[in-house]
Amino acid sequence: MTNTDTMRAVGQGAYDSSEFGDQSAVNTIVSVRRRTLAAAIAAIALTAVGVVPAAAADSSTAAALSQVPGRGGAPGISAAGYGGNARLGYQKAVAVQVLRGVFERRDMTVVDRFVRPDYIQHNPLAPDGAEALKAFGTAWRHQHPEATYDIKRVISEGDLVLLHSSIVLAPGTRGIAAFDIFRFQGGKIAEHWDVLQDVPATTANGNDMFSTISRPQTEAPGPAYLTAYNKKLVTAFVEQYLVKKDLSAIDTYVGPEYHQHNPYIPDGVAGAKAGLGAYYAQFPQLVATPKRVIAEGDLVAVHSHTVSAPGERGQAVVDLFRVRNGRIVEHWDVVQDVPETSANDNTMF
């Protein structure tokens with residue numbers, strides 16, 4: 001059974017799929033921006049992540065924090081290893097627990113414990129609601145009993161948590177690159193966005209879509225005192241190079257050691273200029289609209305809506321940048337087409 005067939009079995013609708021062939025550099029970059037996700041079933045999975053619980057939400061973040069071990073002891077949730085701020089650490093731990101509970105352990109009680117009844121879903125393949133999430137999680141594990149969520153990075157700022165993950169449906173398959181964004185309210189998940197993309201067989205830069213190459217080679221975010229400065233730097237960079245399409249931003253903000261994880265753009269500063277330059281030339285009417293920026297330490301994520309030409313639905317994009325010594329040194333991203341129809345009325349943004 002194909003991924004699309006599986007998705008239909010779960011009752012969530014379908015996307016068309018296409019595969020990349022051998023193309024020029026320009027067409028390759030264009031195609032990734034236009035690409036429809038072949039493994040659409042995984043998109044539903046991430047949507048489910050944020051769906052609502054039957055239990056009532058806590059009235060305050062303080063009440064939720066009382067469940068952190070050492071403050072009352074909620075079973076299975078620990079903020080240890082997720083940073084020094086107790087609230088941010090708790091949010092990260094809950095987001096991880098919900099993802100893995102629903103999609104690896106078949107534990108639907110995490111939905112009742114950690115997701116609000118008034119949950120808002122932005123994944124276009126899933127409706128709002130806790131019962132829909134539980135039903136999907138059950139069907140997902142039945143169809144993909146060996147599926148794994150390898151969570152590579154988790155960052156949190158304010159009431160938002162972002163996770164960068166590798167989803168593998170079965171051993172030996174390349175899987176899917178995913179970004180999930182959760183918004184917390186009263187200590188529980190209140191809203192969810194995600195973007196997914198198939199992992200290709202080869203890349204233009206020799207790097208995979210997940211590893212850390214720049215030093216220190218850790219997936220954990222850097223010191224919290226760097227957050228505000230790095231967020232401001234990346235926001236200015238995105239405004240200049242993506243919104244205004246000014247490639248000179250690369251010279252201003254990107255370091256000479258620049259590692260590229262977009263599988264269709266060559267490595268380094270020269271690769272970024274060539275790849276993005278070709279893309280902008282192909283689509284001079286491109287409009288990019290950043291929707292939210294999430295930063296922690298040396299990692300800054302930007303969730304955007306890009307539309308290549310007037311009248312198109314466009315793509316949902318998450319870019320993740322790593323900053324060191326005032327320069328961007330590494331970049332990961334995931335791109336997904338915005339579909340014509342959605343199971344909810346919330347848009348992907």
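What order do you get for Asp107, Asp251, Asp319 when you list them from fewest to most C-beta neighbours inside 10 Å?
Details: Asp107 17, Asp251 9, Asp319 22.
The fewest-first ordering by Cβ neighbours comes to Asp251, Asp107, Asp319.
Give the lysines reachable from Lys232 as a straight Cα distance under 16 Å; neighbours fewer than 8 places away on the same chain don't count.
Of all the lysines, those that pass the test against Lys232 - Cα under 16 Å, at least 8 places apart if same chain - are Lys291.
Going by amide H atoms built from the backbone, whose H comes under 5 Å of the H on Ile189, apart from near neighbours?
Sorted by chain and number, the residues that satisfy this are Val115, Arg116.
Ordered by residue, what ³J(HN,Hα) values in Hz, to whole numbers, does region 139-149 give under the Karplus form 6.51 cos²θ - 1.76 cosθ + 1.60, where θ = phi - 60° and Gly and Pro are x?
In residue order, the calculated couplings are 5, 4, 5, 5, 6, 10, x, 10, 5, 10, 10 Hz.
Identify all aspartates and glutamates with a Cα-Cα distance to Lys273 below 15 Å; exclude those on the same chain that are fewer than 8 residues away in sequence.
Straight-distance partners of Lys273: Asp246, Asp251, Glu257, Glu330.
For region 254-349, what is the charge dipole size about the Cα centre, in debye to the nearest 20, if Lys and Arg each add +1 at the Cβ and Asp and Glu each add -1 at the Cβ?
Details: 7 positive and 11 negative charges, 54 e Å.
It comes to approximately 260 debye.
Once amide H atoms are built 1.01 Å from N in the peptide plane, which residues 5 or more positions from His259, or in another chain, come under 5 Å H to H?
When sequence neighbours closer than 5 places are left aside, the close amide H contacts are Glu330, His331.
Mind listing the phi-derived Karplus ³J(HN,Hα) values for region 296-309, rounded to whole Hz, using 6.51, -1.76 and 1.60 with θ = phi - 60°, and x for any glycine or proline?
Result, rounded to whole Hz: 8, x, 9, 10, 9, 10, 10, 9, 10, 10, 10, 10, 6, 8.
Quick one: which residues, 5+ away or cross-chain, put their amide H under 5 Å from the amide H of Gly297? H built at 1.01 Å from N.
Under 5 Å from the amide H of Gly297 lie the amide H atoms of Leu226, Thr227, each far enough along the sequence or on another chain.
Mind checking which aspartates and glutamates have their C-alpha under 18 Å from Lys245, skipping anything on the same chain fewer than 8 residues away?
Asp319, Asp333
To check you understand DSSP bridge types, tell me what percent of the beta bridges within region 86-244 (both residues inside) are antiparallel, rounded to 5. Display every interim value, and only then the final one.
Working: 27 of 30 bridges.
Bridges in region 86-244 are about 90 percent antiparallel.
Can you find, among Val269, Ile294, Tyr258, the residue sitting farthest towards the positive end of the charge dipole of region 224-337, where Lys and Arg contribute +1 and Asp and Glu -1 at Cβ?
Ile294
Can you give me the C-alpha center-to-center distance between region 224-268 and region 104-123, rounded to a whole angstrom?
34 Å
When the Cα centres of region 296-349 and region 137-206 are compared, how far apart do they sit, in Å?
With region 296-349 and region 137-206 each reduced to a Cα centre, they are spaced 14 Å.
For a test of the definition: using alpha carbon positions, the gyration tensor, and the 1.5 limit on a/c, classify region 254-349 as rounded, prolate or oblate.
Working: a/c = 2.53, a/b = 1.43, b/c = 1.77.
Oblate, because a/c is 1.5 or more while a/b does not exceed b/c.
Among 126-137, 285-296, 210-221, how do they line up by average Cβ neighbours within 10 Å per residue, starting with the highest?
Numbers: 126-137: 20.4, 285-296: 18.2, 210-221: 14.2.
Most protected by this proxy first, the peptides run 126-137, 285-296, 210-221.
Quick one: Karplus J couplings for region 108-116, per residue in order, coefficients 6.51, -1.76, 1.60, θ = phi - 60°, nearest Hz, x for Gly and Pro?
Values, residue by residue: 7, 5, 5, 5, 5, 7, 10, 10, 6 Hz.
Taken together, the values in this text are just the output of simple stated rules run on the coordinates, not laboratory data. Small disclaimer: the values here were computed from a predicted structure and weren't measured. Positions of Cβ are backbone-derived with ideal geometry, glycine not excepted, and every protein chain shown enters the neighbour counts.
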